[in-house]
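Only the coordinates and a few stated rules stand behind these numbers; no lab work does. These figures come from a predicted structure and were not determined experimentally. Note that we place each Cβ from the backbone using ideal geometry, even for glycine, and neighbour counts take in every protein chain shown.
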Amino acid sequence: MHTKRQKWSIGIAAGLLLVGSLAGCKSSGVAVTSGGQVIHVDIEVPTDLSEGETKELAVSVGNRGVSGMKNVVFEVELPAELVVLSTVPEEGLNGTEMTSPSGNKMFVYRSANIQAMTTDTVRFHVKAAFGAMEKSGDIRVTAWSEDLPGDKLVETKYIKLRR
């Protein structure tokens, strides 16, 4: 049997553990800061594509928290198996494009401020060029901000070849 004092101590310890786990937490496309920002990365892609098929992919970086985030940067790396036909960033996103030594396309976007409960999205129109591959390389999104704890938040997905 626990005394009243022991129960109170256990309750405080559990509460501190919960708060500590939320502040500075990063997991599966979501990072939480102690300042009330909750950055969320989402990659919307089809699960599979036929060779030569064209589709739209969407990459979103959002703030699900209660205060804004400043100077949010996110890199989108698309594998060589997805030929980029066009990109459509939302208004207010400044972006640059480059090719990595591996042949992947890199897109870097900067948002000056993502307000609480808003999302910035970039849409990519791509064409599948799998060749002999059974799936694409990783579609990788890396996001960071001055407000984000630790280093960077990374989310990846891939697309399978539909036969």
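Miscellaneous remarks
- In order along the range 45-55, phi translates into HN-Hα couplings of 9, x, 6, 8, 9, 7, 4, x, 6, 10, 8 Hz, rounded to whole numbers, per the Karplus curve 6.51 cos²θ - 1.76 cosθ + 1.60 with θ = phi - 60° and x for Gly and Pro.
- Semi-axes of the equivalent ellipsoid for the range 26-161, computed as √(5λ) from the eigenvalues of its C-alpha gyration tensor and ordered from largest down, come to 28, 14, 13 Å.
- Of K70/K105; K70/K157; K55/K152; K105/K157, pairs whose Cα-Cα distance is over 18 Å: K70/K105; K70/K157; K55/K152
- FRET efficiency for E134 and E91, using Cβ-Cβ distance with R0 set to 41 Å, rounded to 0.05: 0.60
- Simple spin-label estimate for A112 and R162 in nanometres, 7 Å along Cα-Cβ: 4.1
- Gained length - R123 relative to K55, 0.36 nm times residue gap less alpha-carbon distance: 23.5 nm
- Bridgeable aspartates and glutamates around K135 (alpha carbons under 13 Å apart, same-chain partners fewer than 8 residues away excluded): D48, E51, E81.
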